[in-house]
Each structure stands twice: as C-alpha cells, then as structure tokens.
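What follows is a single structure, written as structure tokens, with notes after it.
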Amino acid sequence: MTEQTSPVPPKAHAASGPADQPPGRTHPGPSPLDIPARPGPQKAAPPRPAPPANSDAPAQPAAAEPAAGRAQNGRPAGTSQPAASHPAAAQPAAAQPAAGQAAGTAASGPAIKARVTGAQALVMAMEQIGVEVVFGIPGGAVLPAYDPLLDSDKIRHILVRHEQGAGHAATGYAQATGRVGVCMATSGPGATNLVTPLADAYMDSVPVVAITGQVSTNLIGTDGFQEADISGITLPITKHNFLVTKPEDIARTVAEAFHLAGTGRPGPVLVDIAKDAMQAMTDFTWPVQYDLPGYHPVTRPHSRQVREAARMITDAKKPVLYVGGGVIKAGAAAELKELAELTHAPVVTTLMARGAFPDSHPQHLGMPGMHGTVAAVGALQRADLIVALGARFDDRVTGKLDTFAPDALIVHADIDPAEISKNRRADVPIVGDCKEVIAELITAVQAERAHGREPDHAEWWVQLNQWRSKYPLGYTDPDDGSLAPEYVIERIGKLVGPDAVYLAGVGQHQMWAAQFIDYENPRTWINSGGAGTMGFAVPAALGAKVGMPDTPVWAIDGDGCFQMTNQELATCVIEGIPVKIAIINNGSLGMVRQWQTLFYNERYSNTNLGDKKAEVAGTRVPDFVKLAEAYGCIGLRCEKKDDVDAIIEQAMAINDQPVVIDFVVHKDAMVWPMVAAGTSNDDIKFARGMAPDWEAMDE
C-alpha cells in the first residue's frame, strides 16, 4: 500500500502534490493501515517517459524549472484549470496540458522481470532511473536497503557523518549538475535530521529525493522504537511525499518520486518505506507505469499572454528584467541574454540567479534587494515595467511590499501558477517554463520590431549609469591593518576565476560572496537562499564536487556556519573529495552582530564566538588549522593582506586533499548596501548613515 499525503491549506509555501484527498488537512489523519491503496495506473493515457534522476534529459521542458505542485487556492497547483479567482485563470484553457499527462512510463531501458525483495526493487529502480550517487547513513529500519546497495556497480554511496550533511550534499549535487540529488536515512532521528535540508531544498526549488526507512507496518502508530511520522512532519516542506507499506508499490513509487522532483517546479520528494515492505518478496518489472492524477505542470505559455507582454515591453520607457533562480533551473541563460540584448532592457539577478546573466555584461545592474546594488534597487523602484522571469517577489527583494515599484506594470512568468500574484499582482500572468516563455517572448518582440515599433531607452540608461557610477559596490580597509573580508573574497574570485563553482553558508560572508565574486555562468553560485541555513556550505560543497569532479569547488563559509557541519570534512577526506573551504573568521555571528550594531545599540548578546580572554582576533576555539589537520585536510591560516594571494594560490595548487583556509578578518566589517528589514527600498543605505540622493538623480 502506498499512502499519498494530502496538500496543506493554500499559503505562501504550502506543500501539495498529486493527492486524491481535499486540501485543508494538515495531519496525515488515520493510520496508513486504514487507508486503502489507490487505484493502479489507468491504461487510457499514452505512456510518457519520466526523467532519469541523474540525467540532463528531462521528460518535458519543465524538468529543470521551478515546479507546479504546490497548493493554490484550495486545490493542487498545476491542475488543468486554475481557480477562477487566481490571476493565472486569465490565461485561456488552450495553454493547459492534455489530461494524458497524468500517467506515464518510467525510464526506458531493456525490460526487466525478476523475483526480488522490496529492498532489491528499490535499488534496481534507482539504477534504472539513472542514479549515480546516494548520500546517506544506514540504520535499523533502512538496513534492508543498504544490503543490496552494496552489490550495485552503478550507484556510489557516500557515507556522511550526519544526515543533515546527506541532505545538503544532495542539494549541492543537484544545484551544480541540474540532476536529482538523492539522500538516504533510517527512521526516527535519522529521518528527522533530514528535515532542515528538505526545508532548504523546498524553499529553493531543488530536485531532491529522500529515501527513509520506516518501522514495520505492525509498529506504525504504536510509538515503536525509532518511529517518527516523517511523512506528516515533512508535509509542509516537501513537494510531495509517500509512505510505502507493500513491496509491489516500491518501484512505481520511486519512479513517481523522481518524476515529481525533477519536473514542473523542482522540489524535494520523500519516500518513506516500511522495513517489512523492503524485506518481503515481490515481482519487479521495468519499465514501470505510474499514474499521478492532478499533476499537470504547464510548460508552454499561452501565445496571447506572450504577445501582450511583448507589446508592453515595446511600449515601456523604463523596463527592467527581474531574473530569478527559475531561469537557471530552466537552462534558459542563453535565451535570457538574447532577450536582454534584443530589448536593451537592464537586467537584475536575484541571489538565486547569480550567473544567469554575465556580471560583465553592460546591461547587468547586479543583485537587487536588501544587500543589492543601488542601481539594481533604484531601477526596480523607478521602473514603469518589470518583467519577472522565474522570480517570486520575496520580501528580501521587495522591501516593504506596498512601497515596491509603485509605478510599474508587472509581467510575471513562472511555471508555478501559485507564485503568480502571490505577493505582487501581475498585470500579465504567464504560466510556463522559463526557457519556452523567453523563447516565445523573443519571437513576439521581434514581430513588434518588424512592424517598426522600436523603443527608446536612452534617457533611462543615462539615469541607470549615473546610479551605477556614483554608487558602486565598495569597501574600505580596516584602520588597524587587519584583513577586510570583502578583499579576501574578491581575491578568491579573481584568482580562481569564473569557471569554478562557489558556495556559501549564510550571513555576511554569503552576501559578500554574492557581491564581490563575478559570476559569468549559470550553476556556478550555490547558496541557501530561502531558508538561510547555517551549516549549508561544507556538505553542499561536498555534493557539488561529487557532481562536478573536474571543476574547482570553493565554499566561502563563516566561522559560525562552519562549526555546524564541519564533521563532513571527514567524509571529504575518506571519499577523496578535494574541496576548498575558505573560512571568513571574524570571531562572531557576523550578520547578527551587524544588526545588533545598527538596531540594538551595540548590545552584543551572545554573538561572540571568540575566546573573550584571548588577545587574538577571530575564533580560536577550535583552532581551525589544527581541526583541519586532525581530519586529514590541509590547514592554512592568513591574517595579513600581503599574504592573501599567496595563500589562495597555495590552496589552488593542491588537488588531492581538501584544503581549509582560516582567513582571520576584522570583526566589525559590515555588508553594504543595506535596506533595513520592513522598510522601503527607497530607504537603502550605501554605507552607514549614507543614502542615495534620489531626488537629485531624478532631476
């Protein structure tokens, strides 16, 4: 029996999926033993292949784009007709997919029939889907799956030191490669340790499949040893999840999970499998047919909406292309560049979209939002048209929402109809995959040009270039001769180059890495954007390096973040994963300290990580160099500006071991520009107590 959990009530980040039960229930309800198995796949629909887990060949164009499947207006998003009250309902029904898309056949390959255990069926299904690597830790309830995994010559298992590390490694792998990341854990605390990385992947629309063992069916609901209702726990933070209690359902459920994770708006999917289901015998057949009623991600935009958007782009005097992470997930960077150059519109890329548009391009204004550039923030505020592509108007971009871009019309394109008009009402909603949306926008704008409709943005660019030249990103060296963290990160970017993959934890170092490293290519910047998860960088870098073994991978981490997951250095050493970790060591929880400086009268409550009695700067307990060496890594330390380049080059020359560099930096460096939380973007400060003179610029 396979239980499919129901959607939660519709809200900003409600999880839903292909469920047969009405929305509004936030708990799994009765025991899974009381829920009858849902009907098998319907034969009326023609088969459609599912995407391989670790393949770049999706079953449909939406395979790499933010996915349909979250709750929308009391029904699962992505169903054939949106709710009438939703702006996406303005799109004619012709834009919706055929009903046959609910069913399909899993990944191709030679037909297989075998009598196996449920655990063997699990491993064989993952092999057929194309899984190459799994990050995990074994335990009692999942042990039956680990036994046949030992015999697999197609799947590499990487034994991490904490389940959170497994989840973040799967995310890093997925973000770097565009393929589905996979993690495994046992029941109870093993599964609950995946909650944070699942929430992180959900917020950032990352395709991850988490496979967890569950206690045997006779113990479910009895508070048995290491029992936890992980399906219920993760209901709001997964795109969908399954509880499997019969061995014959395992292969089909695995195929469905990978299809859901990688299509539409990507997201994490959890498959919880009872131990006795893995131990029992079953008939394994492949390919397997699956059926997902209600799951119809729309990938092709409606032409009428696209034509209207093209007309508005042509008419606009002050347009801005507001680019989100969905463009990267759709693999639409080339199309974006073509559209930008065709329209001559300025481009801003969010924290999740860094690299979607080259930083070196003259039309790129940088990152918008709380710590964005003055030019990017000002452009959005004074635009008369914002074309949002794979972005969601989150609070870190908009500032105080009712003051955001007051004069702008909005074209909002996203594959998830639940995102459109969720925060800012769209004048032209476009539901579809960003790659297809942008391609059709290019055609429509070209048609406008063919009729002699050529916009003139000369005055707009004069204003934008004034902002860009007067308020560039910058920093000052500390008066005491200590290291400026911005300088360290800037030099890493210059010396390592734009072809590397850079990751960050969360906090000041994350913002500096987004600001002072030049990103020229998609999937070269990976961070925890929506959830803001401390401890993300080290395990995510591990996963990214596994997925991109021939590419340099650098994690920019803070001394606070690093101490949360540094045990995964042992995994890197033992598994031969030579990542580089640059610790920006300011001896404190830097971003929290910055807020305490600015908003709490310099009352530094519990943010000092250093030894209060020591006279040296930075965190020295633990000694990061000795800790790195204890794990078998190369440990380096840098405290002087003159040594920065040499230390970075020394690390770059080491390719057979992980390297940890302890950059001891000034404790009071701050991230600027900054829009204080809850205030208008018009109130941006480019330094402490210093704001742009918007009125003088507008004259």
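The values are calculated or read from the model by the stated rules, or taken from the named source; none is laboratory data. The model shown is predicted, which means the values in this text are computed figures rather than measured ones. As a convention, Cβ positions derive from the backbone with ideal geometry for all residues, glycine included, and neighbour counts pool all protein chains shown. Only protein heavy atoms, including side chains, enter the accessible area calculation; ligands, DNA and RNA are left aside. Shrake-Rupley method; radii C 1.70, N 1.55, O 1.52, S 1.80 Å.
Taking the condition of a type outside the set (Lys, Arg), over 13 Å from Val298 (Cα atoms) and touching a residue at least 12 places away in the same chain (Cβ under 8 Å), does Ala426 pass?
Numbers: of a type outside the set (Lys, Arg): yes; over 13 Å from Val298 (Cα atoms): yes; touching a residue at least 12 places away in the same chain (Cβ under 8 Å): yes.
Against the criterion (of a type outside the set (Lys, Arg), over 13 Å from Val298 (Cα atoms) and touching a residue at least 12 places away in the same chain (Cβ under 8 Å)), Ala426 qualifies.
If you go through region 653-676 and keep only what is in contact with a helix residue (DSSP H, G or I) (Cβ under 8 Å, 6 or more places away or on another chain) and assigned to a loop (DSSP other than H, G, I, E, B), you end up with Gln657, Pro658, His666, Lys667, Asp668, Ala669, Met670, Val671, Pro673, Val675, Ala676. Restricting region 532-562 to residues that are part of a strand (DSSP E or B) and over 10 Å from Val501 (Cβ atoms) leaves a set whose member that is farthest from the chain's Cα centre (by Cα) is Gly558.
Within region 256-279, does at least one residue satisfy the condition of being under 23 Å from Phe516 (Cα atoms) and hydrophobic (A, V, I, L, M, F, W, C)? If you could, list the steps in order and put the result at the bottom.
As a first pass, look at region 256-279 and keep what is under 23 Å from Phe516 (Cα atoms): none.
Within region 256-279, none of the residues are under 23 Å from Phe516 (Cα atoms) and hydrophobic (A, V, I, L, M, F, W, C).
Based on what the data block shows, is Ala544 open to solvent by less than 10 Å² (accessible area, probe 1.4 Å), of a type in the set (Gly, Ala, Ser) and in contact with a Gly (Cβ under 6 Å, 6 or more places away or on another chain)? Talk me through it step by step, then tell me what you get.
Working: open to solvent by less than 10 Å² (accessible area, probe 1.4 Å): yes; of a type in the set (Gly, Ala, Ser): yes; in contact with a Gly (Cβ under 6 Å, 6 or more places away or on another chain): yes.
When the stated conditions are applied, Ala544 passes them.
Within region 640-656, if we keep just the residues that are small (Gly, Ala, Ser) and under 31 Å from the mean Cα position of the chain (by Cα), the residue that is least open to solvent (accessible area, probe 1.4 Å) turns out to be Ala651. Residues in region 383-429 that are closer than 20 Å to Met367 by Cα and among the polar types (S, T, N, Q) were compared, and the one that is least open to solvent (accessible area, probe 1.4 Å) is Thr398.
Taking only region 157-168 into account, find how many residues are in contact with a strand residue (DSSP E or B) (Cβ under 8 Å, 6 or more places away or on another chain) and either open to solvent by 10 Å² or more (accessible area, probe 1.4 Å) or not in a helix (DSSP H, G or I) (or both).
To start, the set of residues in region 157-168 that are in contact with a strand residue (DSSP E or B) (Cβ under 8 Å, 6 or more places away or on another chain) comprises 157-160, 163, 165-167.
Checking which are either open to solvent by 10 Å² or more (accessible area, probe 1.4 Å) or not in a helix (DSSP H, G or I) (or both) leaves us with 157-160, 163.
Qualifying residue count, region 157-168: 5.
Looking only at residues of region 449-490 that are charged (D, E, K, R) and touching a Lys or Arg at 6+ places or on another chain (Cβ under 9 Å), we find that the one that is most open to solvent (accessible area, probe 1.4 Å) is Glu459.
Kindly indicate whether any position in region 386-395 is under 20 Å from Ala332 (Cβ atoms), hydrophobic (A, V, I, L, M, F, W, C), assigned to a loop (DSSP other than H, G, I, E, B) and touching a strand residue (DSSP E or B) at 6+ places or on another chain (Cβ under 7 Å). There is at least one residue in region 386-395 that is under 20 Å from Ala332 (Cβ atoms), hydrophobic (A, V, I, L, M, F, W, C), assigned to a loop (DSSP other than H, G, I, E, B) and touching a strand residue (DSSP E or B) at 6+ places or on another chain (Cβ under 7 Å).
Taken over region 251-294, residues that are open to solvent by less than 20 Å² (accessible area, probe 1.4 Å) and either at pLDDT 95 or above or closer than 26 Å to His168 by Cβ (or both) amount to 28.
A count restricted to region 332-359 and to residues that are farther than 21 Å from Asp395 by Cα, of a type outside the set (A, V, I, L, M) and open to solvent by 10 Å² or more (accessible area, probe 1.4 Å) stands at 7. So, of the residues in region 657-699 that are among the charged types (D, E, K, R) and within 30 Å of Ala383 (Cβ to Cβ), which turns out to be least open to solvent (accessible area, probe 1.4 Å)? Ranking the candidates gives Asp682 first. Across region 238-250, the qualifying residues are those that are over 23 Å from Thr171 (Cα atoms) and of a type outside the set (Val, Ile, Thr), and the one among them that is surrounded by the fewest Cβ atoms within 10 Å (Cβ to Cβ) is Lys246. Count, please, the residues in region 647-688 that happen to be in contact with a strand residue (DSSP E or B) (Cβ under 9 Å, 6 or more places away or on another chain), closer than 14 Å to Val496 by Cβ and aliphatic (A, V, I, L, M). Adding up the residues that qualify gives 7. May I ask you to verify whether Asp315 is within 26 Å of Met690 (Cβ to Cβ), surrounded by fewer than 24 Cβ atoms within 10 Å (Cβ to Cβ) and not polar (S, T, N, Q)? Against the criterion (within 26 Å of Met690 (Cβ to Cβ), surrounded by fewer than 24 Cβ atoms within 10 Å (Cβ to Cβ) and not polar (S, T, N, Q)), Asp315 does not qualify.
Tell me the helices (runs of 4 or more DSSP H) entirely within region 298-385 that contain at least 1 residues that are in contact with a Gly (Cβ under 8 Å, 6 or more places away or on another chain) and more than 24 Å from Glu436 (Cα to Cα). Full working, then the answer.
Numbers: elements: 303-315, 325-329, 333-343, 374-382.
Passing ranges, in order: 374-382.
Checking the structure you have, find out if any residue of region 341-349 is touching a residue at least 24 places away in the same chain (Cβ under 8 Å) and of a type in the set (Asp, Glu). No. For region 139-185, a residue qualifies if it is touching a Phe, Trp or Tyr at 6+ places or on another chain (Cβ under 9 Å) and of a type in the set (Val, Ile, Thr), and the qualifying residues are Ile158, Val160, Thr171, Val180, Val182.
Look at region 474-502: where a residue is within 22 Å of Val538 (Cβ to Cβ) and a partner is loosely packed, with under 14 Cβ neighbours inside 10 Å, sitting 6+ places away or on another chain with Cβ atoms under 8 Å, you get Leu483/Lys640; Leu495/Glu649.
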